[in-house]
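Novice: Take this structure, written in structure tokens, and hold onto it; I'll ask about it next.
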Amino acid sequence: MSILILRGPNTDAAVDSMVPPLSGEVRASLVERAAGAGKAIAVRSCRSESELVECLRGMRAANAELLLLDPGACLPASEDLRGALAQLPVPYIEVHDDDMSALEPSIAPQCGRRLRLVHGYAAQSYTLALAIALEHLGCADSGNDVHVGT
């Protein structure tokens, strides 16, 4: 595996911490873009902060080169989450799929090897984060022509 997308629990308490999956269309687009660059993607959605921390601590076994992390409702970051990020064996890009009414808070930049912080609307944030990840992994010439905005 090359890139792991790790998603924290939903911020909407009414959803009971369920993380809605990335839509099939969004997931297919991300997989196709990564495959075109010779990379694979895996997506994991966590129902709690403890599950998210456990996944972060298991990153060595995941054999990933880079992490796209959407912390969801796990903000502000707890000591456990900050500690797990500090021990990450790979860099990460923090992703927020904001609803445009307000930007979600972010994890402090000194937590681990964060490359970038990406805010966007729904799928835009994941698309932009993947473009940054592929460029970081040396895949800039792989048709990585993402345009977000105007």
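Novice: Under the condition of being in a loop (DSSP other than H, G, I, E, B), surrounded by 15 or more Cβ atoms within 10 Å (Cβ to Cβ) and not hydrophobic (A, V, I, L, M, F, W, C), which residue from region 118-150 is modelled with the lowest pLDDT?
Specialist: Only one residue fits best here, namely 144.
Novice: Pairs needed: first member in region 33-51, more than 29 Å from residue 135 (Cα to Cα) and free of Cβ contacts under 8 Å to residues at least 60 places away in the same chain; second member anywhere, among the hydrophobic types (A, V, I, L, M, F, W, C) and surrounded by 15 or more Cβ atoms within 10 Å (Cβ to Cβ); C-beta distance under 8 Å; at least 6 residues apart or different chains.
Specialist: Taking only residues 6 or more apart or on different chains, the pairs are 47/19; 49/73; 49/74; 49/81.
Novice: Find the residue count for region 52-82, including only residues that are crowded, with 18+ Cβ neighbours inside 10 Å, of a type outside the set (A, V, I, L, M) and outside any loop (DSSP other than H, G, I, E, B).
Specialist: Selection size over region 52-82: 2.
Novice: I would also like to ask the following. Tell me which of these residue 115 doesn't satisfy, since it passes every other one: (1) in a strand (DSSP E or B); (2) surrounded by 20 or more Cβ atoms within 10 Å (Cβ to Cβ).
Specialist: If we test residue 115 against (1) in a strand (DSSP E or B); (2) surrounded by 20 or more Cβ atoms within 10 Å (Cβ to Cβ), just (2) comes out false.
Novice: Another question, then. How about region 2-29: which of its residues are assigned to a helix (DSSP H, G or I) and modelled with pLDDT of 90 or more?
Specialist: Scanning region 2-29 gives 28, 29.
The values are calculated or read from the model by the stated rules, or taken from the named source; none is laboratory data. The shown structure was predicted, so the numbers you read here are calculated from the model rather than taken from an experiment. For neighbour counting, all protein chains shown are included, and Cβ atoms are generated from backbone atoms with ideal geometry for every residue, glycine included.
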